[in-house]
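K.L.:
The structure follows.
The values are calculated or read from the model by the stated rules, or taken from the named source; none is laboratory data. Being a predicted model, the structure only gives us computed values, none of them experimental. Heads up, the Cβs are rebuilt from the backbone with ideal geometry, glycines too, and the neighbour counts pull from every protein chain shown. Each accessible area value is taken on the protein alone, full model and side chains, heavy atoms only, with ligands, DNA and RNA left out. Shrake-Rupley method; radii C 1.70, N 1.55, O 1.52, S 1.80 Å.
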Amino acid sequence: MKHSHFHLISEEVTAINMISAKTVKKNETMKKVVFCIVTSFICLCLWLPNAIQAKEEGGTASPSKGLKVGVVDLNAVFEKYEKRKVFDTQLKEQEKQYQKNITDRKKELVSLGEKIQLLDLGSEARKKDEETFEKKNIELESYAKFAEKSLTKKYKDYFGSLYTEVCNEVEDIGKREQYDLIIKKEEPEMQSGGISELQFKVGIKTVLYNSDSVDITNRVIDNLNKRFSQGTKGK
């Protein structure tokens, strides 16, 4: 019986030792896993700032050559753009035609008014001409308003289309030649006008100085005129 009891105790001890060995082995495995995780995390922490710094340096490496800036004198562009000259001529011709029509109608009214003065007061002929005079006078006022509105719209439309062309040309040059910034430049006329007008002209001046090397005004003008010339030849 004692031997049997001792044998049972021995088996329990052996089982406990086996469980303890498994637990120790499991703990050692967990320690290795944790150690690997911690080591990886430390390596990541050491690598990440260097990677970010390298990326930032790589992102700023291209502008190290310096900012590429250009300026354009818009007044000079509009003054020397051949298409603007053609548009100006067309609009002046239209304005002259409107003015001629208005002048002719005024002359007609003056002539009719002089005729009315020669007719007897209260006569049917005078009454009829007076009604005609009033009708033509209303038509003249309506036509004058139409002419003014039409010219204003045409000037606005044509100037808007020219401005869009100029901006597109500047943008094309900027993209093609990899400019970082192109600034509008204006040279206000300082010889005329009152103090308020002079203050306004000073206020709209955006560029106080630039070297000739950054002025691309002539290139813009040349490109626009070349394209316009090619377009007119094709017609």
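K.L.:
When the solvent-accessible surface of protein heavy atoms is calculated with a 1.4 angstrom probe, in what order do PHE200, PHE159, PHE133 fall, highest first?
P.N.:
Largest to smallest exposure gives the sequence PHE200, PHE159, PHE133.
K.L.:
Give me the accessible area of ARG176, 1.4 Å probe, in Å² rounded to the nearest 10.
P.N.:
140 Å²
K.L.:
Please work out the average accessible area per residue across segment 113-203, using the 1.4 Å probe convention, and give it in Å². Mind showing how you got there, number by number?
P.N.:
Details: 6830 Å² over 91 residues.
On a per-residue basis, 75 Å².
K.L.:
Pairs of alpha-carbon atoms within less than 8 angstrom and 6+ residues apart define the contacts here; what relative contact order does segment 92-235 have, in percent?
P.N.:
Computed over segment 92-235, the figure is 18 percent.
K.L.:
Local charge sum around ASP157 (other residues, Cβ-Cβ under 14 Å, Lys/Arg +1, Asp/Glu -1)?
P.N.:
+4
K.L.:
So, taking all protein chains as they sit and a 1.4 Å probe, how much accessible area belongs to LYS184, in Å² rounded to tens?
P.N.:
90 Å²
K.L.:
Heads up, I need the accessible area for LYS115: 1.4 angstrom probe, whole protein in place, Å², nearest 10.
P.N.:
Using a 1.4 Å probe on the heavy atoms, I get roughly 110 Å².
K.L.:
Return the ratio Rg/(2.2 N^0.38 Å) for segment 116-235, where Rg is computed over Cα atoms only.
P.N.:
Compared with the compact-globule rule of thumb, segment 116-235 sits at 1.97.
K.L.:
Considering only Cα-Cα distances, which of the following residue pairs are longer than 28 Å: LYS149/LYS175; LYS156/LYS205; LYS83/LYS136; LYS80/LYS205?
P.N.:
LYS149/LYS175; LYS83/LYS136, as the Cα separations exceed 28 Å there.
K.L.:
Using mean Cβ contacts within 10 Å as the protection proxy, how do 137-148, 214-225 order, highest first? Don't jump to the answer; show the numbers that get you there.
P.N.:
Numbers: 137-148: 13.0, 214-225: 17.2.
Those peptides, ordered most packed to least, come out 214-225, 137-148.
K.L.:
Give me log10 I(q)/I(0) at q = 0.13, 0.18 Å⁻¹ for segment 94-185, Debye formula, one equal scatterer per alpha-carbon, no solvent.
P.N.:
With one equal scatterer per Cα and no solvent, log10 I(q)/I(0) is -0.64, -0.86.
K.L.:
Expressed as a whole percentage, what fraction of the accessible surface of segment 116-184 belongs to carbon and sulfur atoms when a 1.4 Å probe is rolled over the protein heavy atoms?
P.N.:
Carbon and sulfur atoms account for 55 percent of the accessible area of segment 116-184.
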